[in-house]
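Enquirer: Here it is, the structure in full.
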């Protein structure tokens, strides 16, 4: 195999025996493209991150005003730009990941549990909304037992778009050409870069001390370069490049558009700049509300030196340094203490400047929030919750564009999630597995509407389990409620719906004060009992079986069964009561 210890990648590839011919672009050009694209796209991703975190600097036409406000405005950050991202993420909730392929479901459940995907999936989709793109790498876990006959553990982990990127085939934009991951080795003061292909993985690192490398600064990297215990890995191990035995690029691209996504809050950038400017200006004006600016008009015949003693403010400071008055300067002789008297020499009149009204800032702020919601399809209830309560139907109508956007994100992210799990199953020895991603409903519905929607789906013939999955319930919940069998599902669902309808009605009665809590508890017990009995009406009753009688001469050790005599017929009293009559012995 090829052994390289120094020199650039270009020099290595120029040799006839340096690299096998894999077809397509040469590794040097792919490496150069990868480094350039990561550097060029980082500015946009950094900007998206700044707006999401609220650390973007204020935009101001005046340099002097920007410097002055920067010293006082750090504590008044009101970050609304993250709301379009968080609103989408909160509605993207995976209800279940299922597969009908034999043996796949148990491995999917283990993948979800071992990789903490209940939590990590939120991070992945939140960052996909924050940056527009994010990536997941799937690969056999280094913690797996190397002596096991088959791979038993697979890692599924998030990667930032600032360090990872997928490149697509120009002739077929739906097909991945290769992927790159770049990160810094702080201890070695070097940069590591991996290129992923369907058949190989090319590992590079920069020459010592180079943290912003170009193509000529990169050399091949071996795992033994960082002190792998087995030095023979270079000669006897996978070597360079490392083969990819799975035939697929193990990097998966989460995005909300093709070929690369757009930050969910990109349309909110300008709105956030305007809001920040309004907030800082308002906070600067608040000082003048608490301490109004006043003036004094001197008499024309007064010597200006007579006014100097009252002209210096004790708390005056310079904008450039923030320092107070120089030692020896005259201090103000005017005090704002209660009961104090101001003696103004040579002043014929005083007054006070009007301060700016708060509505000058708050009214435009509300308007810009509405603009931001309109631009990003974010419900106004997430941006301005001060409005009047909205009914369920009105809320659904108002959120219709937002709900449509969520469904679009479910389709984009759902396809990628299915690819992630299918590839993980391939590594675990189950190829060509069918994986389905089930999402919780993106629409905001109240309990009544939710049950009604579920009932309509069931009446239309949708399978019970599928209907409950689409309603947002997990597979574990459905299995706990209905068990493994499907025969009694309609009966149990009918019972559950009746109980739900009764509880809704009783809850409303309790809320309006029509019933007391004790009465509701009694009625709930009765309703639940009636619902259970009603649901079991159609269940077939077991046929009564005759008791097994002992056979004389064969079962002599068994006691004889003696049947009691039938009770005497009851006699009806004058008032229609039926007196109790003891049964005959």
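Coordinate-derived values only; no laboratory data. Remember, predicted model here, so these are calculated numbers, not experimental data. Quick reminder, even Gly has a Cβ in these numbers, built from the backbone with ideal geometry, and neighbours come from all protein chains shown.
Enquirer: Go ahead and collect, in residue order, the members of the stretch 152-175 whose backbone nitrogen is under 17 Å from a label point 7 Å along the Cα-Cβ direction of residue 211.
Expert: Under 17 Å, as judged by backbone N against the label point of residue 211, lie 163 of the stretch 152-175.
Enquirer: Take residue 460 and residue 242, extend 7 Å from each Cα along the Cα→Cβ direction, and tell me the distance between the two endpoints in nm.
Expert: So the label points at residue 460 and residue 242 sit 4.8 nm apart.
Enquirer: For the stretch 73-228, just say rounded, prolate or oblate: build the C-alpha gyration tensor, square-root its eigenvalues into a ≥ b ≥ c, call rounded for a/c under 1.5, and beyond that prolate if a/b exceeds b/c, oblate if not.
Expert: Oblate, because a/c is 1.5 or more while a/b does not exceed b/c.
Enquirer: Assuming 0.36 nm per residue, please report the length gained on full extension of the stretch residue 171 to residue 518 beyond their Cα-Cα distance.
Expert: Extra length from residue 171 to residue 518 when fully extended: 117.8 nm.
Enquirer: Applying 1/(1 + (r/R0)^6) with R0 = 30 Å to the Cβ-Cβ distance of residue 299 and residue 355, what FRET efficiency is obtained, to the nearest 0.05? All intermediate terms of the calculation are to be shown ahead of the outcome.
Expert: Details: r = 28 Å, r/R0 = 0.92.
Calculated transfer efficiency: 0.60.
Enquirer: Using the 10 angstrom Cβ neighbour count as an exposure proxy, how do 117, 462, 380 rank, fewest first?
Expert: Working: 117 21, 462 14, 380 17.
Ranking 117, 462, 380 by Cβ neighbours within 10 Å, fewest first, gives 462, 380, 117.
Enquirer: For residue 78 and residue 150, FRET efficiency with R0 = 60 Å and r from the beta-carbon atoms, rounded to 0.05?
Expert: Efficiency computed from Cβ-Cβ geometry: 0.65.
Enquirer: Pop the C-beta distance of residue 363 and residue 40 into the FRET formula with R0 = 51 Å and round what comes out to the nearest 0.05.
Expert: After rounding, the FRET efficiency stands at 0.80.
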